[in-house]
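Chemist: So that we are looking at the same thing, I have put the structure below in C-alpha cells.
The values are calculated or read from the model by the stated rules, or taken from the named source; none is laboratory data. Nothing here was measured: the structure is a model prediction, and the numbers come from that model. As a convention, Cβ positions derive from the backbone with ideal geometry for all residues, glycine included, and neighbour counts pool all protein chains shown.
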Amino acid sequence: MNKYLHPGDKTEQIAPAGGVTAGLGYVIGANLFLVAEGTAAAAAKFVGLRRGVVRLPKSTSDAIVAGARVFWDNTAKEIRAASAAGRFMIGTAETVQIAADTFVDVLLDGTSVVAV
C-alpha cells in the first residue's frame with residue numbers, strides 16, 4: 001500500500017565526514033545532491049534541499065549563461081560550467097554570470113546525480 005510521506009523537495013540525511021554548512025552543497029552517497037539548510041556536525045542529521053532555486057558558489061574561471069547545465073565540483077565545492085571528472089550535473093543556471101562572479105543561481109532539478 002502506498003502512503004504519501006512528503007513532497008520531496010527537502011530530505012533529512014546524515015551529514016558526511018566534516019559535517020555540513022548551511023547554504024553549501026553536498027553529495028550524499030554517490031547520487032544525491034543537497035544544499036544544507038543548516039549547519040551540522042559529521043554523523044548528525046540535517047535537512048537538505050534537493051529541488052528549487054539556490055545561490056551557490058561559482059568558479060571565477062567560468063562564465064555561465066542562463067539555462068546552461070551546471071556541474072558541482074565536489075572537491076572545490078563550487079559550480080563549474082563544464083563536465084569533468086569529479087563533477088556532478090545538478091541542474092541549470094537561472095541567471096547569467098560573468099567569469100568574475102563568485103555565485104550563480106541554480107535551478108536544482110532534484111534528479112539523482114552521477115559523477116562525470
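Chemist: Where residues in region 72-92 are farther than 22 Å from residue 21 by Cβ and of a type in the set (A, V, I, L, M), which of them is nearest to the chain's Cα centre (by Cα)?
Modeler: 89
Chemist: Considering each of 35, 113 in turn, give the residue that is in contact with a strand residue (DSSP E or B) (Cβ under 6 Å, 6 or more places away or on another chain), of a type outside the set (Ser, Thr, Tyr), outside any strand (DSSP E or B) and in contact (Cβ under 8 Å) with a residue 12 or more places away in the chain.
Modeler: 113
Chemist: Also, quick follow-up: Would you please list the contacts, defined by Cβ atoms under 6 Å and residues six or more apart or on different chains, that run from a residue in region 53-77 that is more than 16 Å from residue 31 (Cα to Cα) and basic (Lys, Arg) to a residue that is surrounded by 13 or more Cβ atoms within 10 Å (Cβ to Cβ) and modelled with pLDDT under 95?
Modeler: Filtered contacts from region 53-77: 69/89.
Chemist: Okay, next question. Do we find a residue being in a strand (DSSP E or B), polar (S, T, N, Q), surrounded by 13 or more Cβ atoms within 10 Å (Cβ to Cβ) and over 14 Å from the mean Cα position of the chain (by Cα) anywhere in region 96-103?
Modeler: Checking region 96-103: at least one residue is in a strand (DSSP E or B), polar (S, T, N, Q), surrounded by 13 or more Cβ atoms within 10 Å (Cβ to Cβ) and over 14 Å from the mean Cα position of the chain (by Cα).
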